[in-house]
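The values are calculated or read from the model by the stated rules, or taken from the named source; none is laboratory data. Owing to the predicted nature of the structure, the values given are computational and were not obtained by experimental measurement. Don't worry about glycine lacking a Cβ; one is built from the backbone with ideal geometry, like all the others, and counts go over all protein chains shown. The accessibility values were calculated without ligands, DNA or RNA, using every heavy atom of the protein model including side chains. Shrake-Rupley method; radii C 1.70, N 1.55, O 1.52, S 1.80 Å.
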Amino acid sequence: KHEVFTEKVKTAPYPPSMTKVRTLRYFSLWNQATAALIRKLKPDIYHCMDYHAALAPLYLEESEQIPIILVLHNADYMGVVETDFISDRFWKTVTQLRRLSLILNLKVATIRKYCMFEGRLNMLKAGVTYIKQTQAGYGICAVSENYAVELKRERTLFAGLPYLISLDNATDPADIQTSIEKLRALRFEAKGQLQRHCGLDEDPGAKILIFIGRWVKQKGVDHIAMLTPAFLRSHPEVQIILAGPPDDACGLYAGTLLDQLGDEFKGRLFVCTKFFRLPEELRR
């Protein structure tokens, strides 16, 4: 057990994004612990989700390296914790790189090669570069075909990759045999259960817009909060569910804005500023 992990609570498992050194220490320990698990368990393949543990392969010896699959859910959130621009010089190690080397427990040369992107520390780049060097660029996936095309077209981090694999949502084979009428009935039943659980008006014809995730600037939650009242006023058929823990100043600001809307949009707006867990009967 380590205090960096044990001091966390269920409502705020991530380190505050405003405290850079503490956040870097958190992810340094997280990735070193992941590498230690890989070393101990010796899996056939390492399935890495986004940037959070993308540094882990850098802590493995060459003889310990294994294939990696990197799945991208939100590549805009690249783990750019160190926001200061680093004016690196190959003939002179700047102070910022020395500090990163000490915190991450990685050599300066390793950070330069794997973690620097557009002048800033980028944890996602570590996974991308590792895959380029050890797997010829194969093994990076996006959660949909459209997202894979978008990343290749708009994100220079993924330039030069031979292929970006698209992963479609898994479908239960039994569902394929279900009739359209039955699926439509199940949909309306599930919608009614969700509306009752969230205290919304039971309206089979309502269009429910849902955001569930961390309330941070990168996800645009402050814009969602500012647009919510105008959207509900102009679209009376819409209901909105917003749930997740505020994790930076923008998230706290969004929560403050939404708290004021409860009376005006009672039955049409559900706000939950903590981790949202559906009852088992709704999880299907």
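Name every residue in segment 66-79 that is modelled with pLDDT of 90 or more, of a type outside the set (Val, Ile, Thr) and surrounded by fewer than 18 Cβ atoms within 10 Å (Cβ to Cβ), in order of residue number.
Within segment 66-79, just 67 meets the criteria.
Counting only residues that are in contact with a strand residue (DSSP E or B) (Cβ under 6 Å, 6 or more places away or on another chain) and assigned to a helix (DSSP H, G or I), how many does segment 233-274 have?
Within segment 233-274, residues that are in contact with a strand residue (DSSP E or B) (Cβ under 6 Å, 6 or more places away or on another chain) and assigned to a helix (DSSP H, G or I) number 5.
Could you identify the single residue in 14, 26 that is surrounded by 12 or more Cβ atoms within 10 Å (Cβ to Cβ), at pLDDT below 80 and under 22 Å from the mean Cα position of the chain (by Cα)?
It is 14.
Scan (1) within 17 Å of the chain's Cα centre (by Cα); (2) open to solvent by 40 Å² or more (accessible area, probe 1.4 Å); (3) without any contact (Cβ under 8 Å) to a residue 40 or more places away in the chain for the single condition residue 45 breaks and write down its number.
Just one mismatch for residue 45, condition (1).
Of everything in segment 230-252, what is open to solvent by 20 Å² or more (accessible area, probe 1.4 Å) and either among the β-branched types (Val, Ile, Thr) or in contact with a Phe, Trp or Tyr (Cβ under 9 Å, 6 or more places away or on another chain) (or both)? Give them in sequence order.
233, 246, 247, 250, 252, listed by residue number.
Between 53, 36, which is closer than 19 Å to residue 114 by Cα and open to solvent by less than 50 Å² (accessible area, probe 1.4 Å)?
Working: 36 fails: closer than 19 Å to residue 114 by Cα.
Criteria check complete, one pass: 53.
When you go through 186, 194 one by one, which is the residue that is touching a Leu at 6+ places or on another chain (Cβ under 9 Å), at pLDDT 80 or above and either open to solvent by 80 Å² or more (accessible area, probe 1.4 Å) or assigned to a helix (DSSP H, G or I) (or both)? Explain how you work it out, then say what you get.
Details: 186 fails: touching a Leu at 6+ places or on another chain (Cβ under 9 Å).
None of the other options fit; the residue is 194.
Does segment 80-98 contain at least one residue that is at pLDDT 90 or above and either within 25 Å of residue 62 (Cα to Cα) or open to solvent by 70 Å² or more (accessible area, probe 1.4 Å) (or both)?
Looking through segment 80-98, none of the residues is at pLDDT 90 or above and either within 25 Å of residue 62 (Cα to Cα) or open to solvent by 70 Å² or more (accessible area, probe 1.4 Å) (or both).
Of everything in segment 253-268, what is open to solvent by 30 Å² or more (accessible area, probe 1.4 Å) and either under 20 Å from the mean Cα position of the chain (by Cα) or not polar (S, T, N, Q) (or both)? Give them in sequence order. Explain how you work it out, then say what you get.
Residues of segment 253-268 that are open to solvent by 30 Å² or more (accessible area, probe 1.4 Å), as a first pass: 253, 256-257, 259-260, 262-264, 266, 268.
Across segment 253-268, the qualifying residues are 253, 257, 259, 262, 263, 264, 266, 268.
Would you be able to say whether some residue in segment 199-208 is surrounded by 14 or more Cβ atoms within 10 Å (Cβ to Cβ), at pLDDT 90 or above and either out of contact with any strand residue (DSSP E or B) (no Cβ under 9 Å at 6 or more places or on another chain) or not in a loop (DSSP other than H, G, I, E, B) (or both)?
The answer is yes, given that some residue of segment 199-208 is surrounded by 14 or more Cβ atoms within 10 Å (Cβ to Cβ), at pLDDT 90 or above and either out of contact with any strand residue (DSSP E or B) (no Cβ under 9 Å at 6 or more places or on another chain) or not in a loop (DSSP other than H, G, I, E, B) (or both).
How many residues are among the aliphatic types (A, V, I, L, M) and open to solvent by less than 20 Å² (accessible area, probe 1.4 Å) if we restrict to segment 101-160?
Going through segment 101-160 one residue at a time, the tally reaches 14.
So, in segment 133-183, of the ones that are among the aromatic types (Phe, Trp, Tyr) and assigned to a helix (DSSP H, G or I), which residue ends up modelled with the highest pLDDT? Spell out how you get there, then give the answer.
Within segment 133-183, the subset among the aromatic types (Phe, Trp, Tyr) is 138, 147, 158, 163.
Now restrict to residues that are assigned to a helix (DSSP H, G or I): 147, 158.
On the way: 147: 84, 158: 88.
Here the answer is 158.
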